[in-house]
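Accompanying notes for the structure given below.
Values in this text are rule-based calculations from the coordinates and carry no lab data. As the structure is a computational prediction, the values presented were derived from the model and not from experiment. Methodologically, a virtual Cβ is constructed for each residue, glycine included, from the backbone with ideal geometry; neighbour enumeration extends over all protein chains shown.
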Amino acid sequence: MKKLIEKYFTDVWNVPNVLTMLRMLLIPVFVALYVAGHTKLALITFIVASLTDLLDGYIARKYHLITNFGKLMDPLADKLMVCTALICQGVQGIIPWWAIVIVMAKELLMVFGAWFMLKNNVVVYSNMLGKVAMCAFVAALVLSFFHAEFITLGFPLDSIILYIAVALTLLALVEYTRAGIKTLQAKKVG
């Protein structure tokens, strides 16, 4: 366990990792604003958190600041923010619970899978399909704050994007599972 901590939790103090930590700190701010009925401020907080995700990835790649901590914590921060917003919108009846259950089950499987992989000193990093699914969820969540307006127009764009995001996240789960199995098999052979 000490080796895992040394591998993933050293060299964490750079701009991209601080942005990832900031995103995690914005989660309770989002919840507090949402619960207090300040949904537009909660939306702004969600958008700011989402923008820090884009910014930290850009800075990490451009300035070669990619760390094991960032590879592990950046997707976790994204998942926590999206799942928190999904649950908040679900409680309000805006996002259907079946979609939330699917996403939460997928994320739980991913956490257990990541834990199992880490025990075997293997990390399966995010892939393009997972990133596209996350972008679709962020778009669906931002649009869900205008759900009533879309219903009034007779075109629930937020729901359509949400269904696409759910499908993409299930495809990403299959891809992560395949990549994890392949990586474990290669490690056993090597």
Problem set entry | log₁₀ of I(q)/I(0) at q = 0.22, 0.23, 0.26, 0.27 Å⁻¹ - region 61-131, Debye sum with one point per alpha carbon | -1.03, -1.08, -1.22, -1.27
Problem set entry | Part-to-part distance (alpha-carbon centres) for region 98-119 and region 153-187, which is given in Å | 12
Seminar exercise, completed: Rh_Kirkwood(the chain) over Cα pairs, Å, one decimal, evaluates to 17.6
Exercise. Working from the pairwise distances between different alpha carbons, so that the mean of 1/r is found and then inverted, what is region 93-158's Kirkwood radius in Å?
Worked result: 14.0
Problem set entry | Greater than 32 Å apart at Cα, pairs in K40/K182; K79/K182; K40/K119 | K40/K182; K40/K119
Seminar exercise, completed: Total charge of the residues flanking L168 in space, meaning their Cβ is under 12 Å from its Cβ, with Lys and Arg +1 and Asp and Glu -1, is +1
Exercise. What ranking do 147-155, 129-137, 101-109 get when scored by the average of other Cβ atoms within 10 Å per residue, highest first?
Worked result: 129-137, 101-109, 147-155
Exercise. Tell me which aspartates and glutamates have Cα within less than 17 Å of K71's Cα, excluding those fewer than 8 residues away on the same chain?
Worked result: E6, D11, D53, D56, E107
Exercise. So what is the 222 nm mean residue ellipticity for the chain from helices alone, if each DSSP H run of at least 4 adds -39500 (n - 2.57) and you divide by all residues, rounding to the nearest 500 deg cm²/dmol?
Worked result: -28000 deg cm²/dmol
